[in-house]
């Protein structure tokens, strides 16, 4: 469905829900998830419906993920870096995280 326009760039490895995936330096977390074929990045607190990145510019909040232990980060605004740990968010995040 999505195809990179430019294959150039340094490869980095991030972990998503305990699984290592390849990303490109300069990608956002949301773009790396899409490129890896990960269908959704969170579920809603009320119904549990899966949600995926939508606007990819920080307006809609559909791409919320936990990055290095900090919840409710907008994946479309966070650039990937080597060794980053990303977790999909299930429902609302816990207080204090």
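Residues in the stretch 59-74 that are within 12 Å of the chain's Cα centre (by Cα), assigned to a loop (DSSP other than H, G, I, E, B) and closer than 15 Å to residue 16 by Cα: 63, 68. Filtered by the rule that a residue be under 23 Å from residue 91 (Cα atoms), part of a loop (DSSP other than H, G, I, E, B) and in contact with a helix residue (DSSP H, G or I) (Cβ under 9 Å, 6 or more places away or on another chain), the stretch 11-38 gives a lone residue, 38. Tell me which residues, restricted to the stretch 80-97, are modelled with pLDDT of 90 or more, out of contact with any helix residue (DSSP H, G or I) (no Cβ under 6 Å at 6 or more places or on another chain) and assigned to a loop (DSSP other than H, G, I, E, B). Of everything in the stretch 80-97, those that are modelled with pLDDT of 90 or more, out of contact with any helix residue (DSSP H, G or I) (no Cβ under 6 Å at 6 or more places or on another chain) and assigned to a loop (DSSP other than H, G, I, E, B) turn out to be 81, 82, 83, 84.
Scan the stretch 39-50 for residues that are in contact (Cβ under 8 Å) with a residue 12 or more places away in the chain and either farther than 12 Å from residue 16 by Cβ or out of contact with any helix residue (DSSP H, G or I) (no Cβ under 7 Å at 6 or more places or on another chain) (or both) and the total you get is 7.
Annotation note: of 56, 77, the sole residue that is in contact (Cβ under 8 Å) with a residue 12 or more places away in the chain, in a loop (DSSP other than H, G, I, E, B) and within 10 Å of the chain's Cα centre (by Cα) is 77.
The single condition among (1) more than 21 Å from residue 77 (Cβ to Cβ); (2) free of Cβ contacts under 8 Å to residues at least 40 places away in the same chain; (3) part of a loop (DSSP other than H, G, I, E, B) that residue 5 does not satisfy is (1). For first residues located in the stretch 14-38 and on the phi > 0 side of the Ramachandran plot and in contact (Cβ under 8 Å) with a residue 12 or more places away in the chain, partners that are surrounded by 21 or more Cβ atoms within 10 Å (Cβ to Cβ) and not in a loop (DSSP other than H, G, I, E, B) and lie 6+ apart or on another chain with Cβ distances below 8 Å form the pairs 17/86.
The values are calculated or read from the model by the stated rules, or taken from the named source; none is laboratory data. Computed from a prediction, not measured in an experiment: that's the story for all the values here. So basically every Cβ, Gly included, is an ideal-geometry build from the backbone, and we count neighbours across all protein chains shown.
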